[in-house]
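In what follows, a single structure is set out as structure tokens and then discussed.
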Amino acid sequence: MKPELLLEFDTGPVKHHGLLGFNYLITYTETLSQDGFDLRPIDFRHPVYGLPPIKRPPADPSDPTSIPAGARDFRLSEELEEYGVYYQHKLDISERVHLLGGVRYDWYEDDIAFTRNVRTSPLDPVEGFSDQNLSWRAGAVVDVLSNVSLFAGYSNSFQPQSGLLSNGSFPDALEATSFEAGLKGSFFNNRLQASLSVYETERKNLLESDPTDPTFTFVVPLGTVRVRGLEYEMTGKITEDLDIQGGIAFMDSEITETLDPLTKGKEFYNVPNTQAGLRLRYDTSRWLLKGLSLGAGVIYVGERAGDATNSFALPDYWRFDAGLYYQWRNWNFKLTCQNVTDETYYLATQGFADIVQPGAPRIVTFGVEVKF
């Protein structure tokens, strides 16, 4: 549920635009996990598929059905209620100066029932987590020329986190701050828009799986992560028939605060130092077939740390995509191919060398859309 109210009014030469809103969300989850297997170590660069997991011996040799010691054996029931009220206000001080500000207040109620032994213990209520927090944002845009603007903005946020610590308590909420500044412009009679920005984000109380828990039931606080970067983006038309969209980003990540001295100062996993993309779309209507367009794209993602200690890395990769698009009356047809070269690549890791998400192989998709 998310009702909103828009406000517009003037005070002399200043134009005001307001947005008042309220949101409510309730989420209920129940998890049951019970097994007695160890996963085999996996080399993600040279995986061997089809091997069965290793079954642990029963905890009680006289009872073959007893759950092995250290096995995953828990049940969790959780009900999370989230309330929020927010207000955002934009002021057009003049044709060249624009200010934006906003505040948000959130309430959270999280009730969990949990047991470590499904077969012998009932669900025991855990002391519920409740919290409330005020967050805010502010920004400004100044048009230094008719086609070039400077901008800057700051925001913070607050979000409760699911999971349990090994002592049965709740982790602290995730807190984040972000600052961005740069310039943007429109060129060649507004055919091409471009922006260049620098930014810094910081996230506190990040979580990861408890490395001392072989069942992956509990989490531990990783600490604070800071990411600084430089980003360039552009979109528009190179010619009357050729559209372009692209960008490149350079990032530097660091774990700045942590309870684990082995991770302090390390790069945060899944954050590449360099990432870039380019997409082109060519309309053949003027010389070949009206409504027919050809598309091509390339994505590059640099090497990324695979875990918080930087003990391994995911290799960099290139991915090439292509597409064929046709519009006829109120019908749109498209034939796309993602990963044209069928490259083997890896998207992300969950902080472990044997939990790595591979990228999709070559995928060909045909779609039809009709508008009435």
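Return the only residue of 356, 368 being of a type outside the set (Phe, Trp, Tyr) and surrounded by fewer than 13 Cβ atoms within 10 Å (Cβ to Cβ).
Details: 356 fails: surrounded by fewer than 13 Cβ atoms within 10 Å (Cβ to Cβ).
Among 356, 368, only 368 is of a type outside the set (Phe, Trp, Tyr) and surrounded by fewer than 13 Cβ atoms within 10 Å (Cβ to Cβ).
Return the pairs, sorted by first residue and then second, in which the second residue is hydroxyl-bearing (Ser, Thr, Tyr) and in a strand (DSSP E or B), the first residue lies in region 347-372 and is free of Cβ contacts under 8 Å to residues at least 24 places away in the same chain and more than 18 Å from residue 317 (Cα to Cα), the beta carbons are less than 6 Å apart, and the residues are 6+ apart or on different chains.
Partner pairs satisfying both residue conditions: none exist.
Which residue out of 338, 327, 350 is surrounded by 15 or more Cβ atoms within 10 Å (Cβ to Cβ), of a type in the set (S, T, N, Q) and farther than 29 Å from residue 248 by Cβ? Before the answer, list the steps.
Working: 338 fails: farther than 29 Å from residue 248 by Cβ; 350 fails: farther than 29 Å from residue 248 by Cβ.
One residue alone meets the criteria, 327.
Only residues in region 248-266 that are closer than 15 Å to residue 310 by Cβ count as the first member; pair them with residues that are assigned to a loop (DSSP other than H, G, I, E, B) and of a type in the set (Ser, Thr, Tyr), Cβ under 7 angstrom, at least 6 apart or cross-chain, and list the lot.
Cβ pairs passing all conditions: 255/263; 262/309; 263/309; 264/258; 266/309.
Residue under question is residue 292, and the condition is that it be crowded, with 16+ Cβ neighbours inside 10 Å, more than 30 Å from residue 152 (Cα to Cα) and of a type in the set (A, V, I, L, M); does it hold?
On the way: crowded, with 16+ Cβ neighbours inside 10 Å: yes; more than 30 Å from residue 152 (Cα to Cα): yes; of a type in the set (A, V, I, L, M): yes.
Yes: the conditions hold for residue 292.
Out of all the residues in region 82-105, is one or more modelled with pLDDT under 70, surrounded by 13 or more Cβ atoms within 10 Å (Cβ to Cβ) and among the small types (Gly, Ala, Ser)?
no
Out of the residues in region 133-150 that are surrounded by fewer than 16 Cβ atoms within 10 Å (Cβ to Cβ) and either under 26 Å from residue 105 (Cβ atoms) or at pLDDT below 90 (or both), state the one that is farthest from the chain's Cα centre (by Cα).
Only one residue tops the list, namely 146.
Residues in region 311-318: is at least one outside any loop (DSSP other than H, G, I, E, B), within 25 Å of the chain's Cα centre (by Cα), in contact (Cβ under 8 Å) with a residue 24 or more places away in the chain and surrounded by 15 or more Cβ atoms within 10 Å (Cβ to Cβ)?
From region 311-318, those outside any loop (DSSP other than H, G, I, E, B) are 313-314, 317-318; that's our starting set.
Still in the list and also within 25 Å of the chain's Cα centre (by Cα): 313-314, 317-318.
From what is left, the residues that are in contact (Cβ under 8 Å) with a residue 24 or more places away in the chain are 314, 317-318.
With surrounded by 15 or more Cβ atoms within 10 Å (Cβ to Cβ) added as a condition, the list becomes 314, 317.
Yes; the residues of region 311-318 include at least one that is outside any loop (DSSP other than H, G, I, E, B), within 25 Å of the chain's Cα centre (by Cα), in contact (Cβ under 8 Å) with a residue 24 or more places away in the chain and surrounded by 15 or more Cβ atoms within 10 Å (Cβ to Cβ).
The values are calculated or read from the model by the stated rules, or taken from the named source; none is laboratory data. Just so it is clear, the structure is predicted and the values come from calculations on it, not from any experiment. Glycine gets a Cβ as well: all are built from the backbone with ideal geometry, and neighbour counts include every protein chain shown.
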